[in-house]
Structures are given as C-alpha cells and as structure tokens.
1. What is the antiparallel percent of DSSP beta bridges lying wholly in the stretch 21-149, to the nearest 5?
2. By counting other Cβ atoms within 10 Å of each Cβ, how are 91, 117, 98, 128 ranked from fewest to most?
3. What full-extension length gain, to one decimal in nm, is calculated for residue 127 and residue 38 as 0.36 nm per residue of separation minus the Cα-Cα distance?
4. With a Förster radius of 45 Å, plug the Cβ-Cβ distance of residue 51 and residue 146 into 1/(1 + (r/R0)^6) and report the FRET value to the nearest 0.05.
5. How do 79-85, 34-40, 109-115 rank on mean C-beta neighbours within 10 Å, highest first?
6. For the stretch 106-161, what does the alpha-carbon gyration tensor say about shape, rounded, prolate or oblate, given a ≥ b ≥ c as the root eigenvalues, a/c under 1.5 as rounded, and a/b over b/c as prolate?
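Read-outs throughout are calculated quantities, based only on the coordinates presented, and are distinct from any laboratory measurement. Here the structure is a predicted model, which is why all the values come from computation and not from measurement. Glycine also receives a Cβ, built like all others from the backbone with ideal geometry; neighbour counts cover every protein chain displayed.
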C-alpha cells in the first residue's frame, strides 16, 4: 500500500485572498494658515500638472445660492460657492471636502480646472510645489453689476504678491492693470511705515449683491 503524496492530492486549491492595493497618501493636509483661517498645504512634493483634489459639494441652482448667501453671517464676504459653466453651483459648505479651505492668491501655484461637461472642478498644480508650501488658486469671484471700489475693498486680497490686484474679485483686464499700478503706488507710499506680517481679515457689512462665486478655467 502506497501513501498518496499530500502535495499531489486532488483537493481543490483554496482561493487566494486578493492583496489590497496600498492606500495612496493624499497630496495635501489642512492646517492653520498665516494668511487667513484654515489653509491647505502640500503634504509632500507635488509635481506640476498634478490633479490634487476635486472641489466637492452639493450642486445647487443660482437662485438657491442667492437664497443661501452668505454662508457665514459673521463673515459675509467668505463664500464656498463655485460656479460651473453648466449653470449649476457647487456649494462647498454642504457635503464639501478639504478643497474649500484653499485660500486665494493673485499669483497662485494652482488653478481650478473644469471638466469638458461643466460638472466638476479639480485643483491642479501650476508648477512644482515643495512639501509644506501652502496651496493657492485665483478665486476670480464673479458678481452681478459693476465692481465698485467699495466691493473691491470688501473682498480685499491679502496675498501680498507683487502681482496682487488688491481684491479677490475678477476684474476686467484694464481695471486689473490699473488696480495693480495703484497698489504699487500705495505700497511705495507706506513702505517706511509698514512692518512685516499679515493683517487679520475683518468682516464688513453685508452685501445685497448676488452670491459671490468662484470660477474655474476649462481643462485643456
């Protein structure tokens, strides 16, 4: 009587447990910003062209956005609304994600790109971003009607870059160039009095304009 080799038995092989793919570490981390409130920072080096994060939130209509504005009555000039070319609005304050904490800058290291269907917005790196650097994109806030000096001050930009236009609002090219020149003159006049550091953003009186909405560039 011969023994059967256990290695050659006809027993069915037990199914292998599929290996789980290693979790991908996120490109970003949220922490306090020296510029304004919460900010989003590079958790590791981010190569140019990287699609960092999609702007999340509930989709609403323009009328719904106007009815909800402002998101925070204590800070009426802060908005999580993102306008899509499809006519819908992404409300980052409702079911939103970390992308809503990315601050504005006039000379940013990221840009917001809209997909071809006008349904989604993704934050994309414009250049190589070292670990620890704060992420910014140009909000280009849109409003109905004329952009007055009062509105520009109410949506004051604190980025401090040489290209700063002084406001988070989108300006026509001629106005943007004029605003840049005026900001340069003001900076020269105050250069002997100003000290380093970032001023705290103050909330101003409420506005009766339609809800302010961020805008995105169409993905190429």
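1. Values: 21 of 23 bridges.
Roughly 90 percent of the beta bridges in the stretch 21-149 run antiparallel, per DSSP.
2. 117, 128, 98, 91
3. Values: separation 89, 0.36 × 89 = 32.04 nm, distance 2.23 nm.
Here the answer is 29.8 nm.
4. Using R0 = 45 Å, I get an efficiency of 0.80.
5. Descending packing order for the listed peptides: 79-85, 109-115, 34-40.
6. oblate
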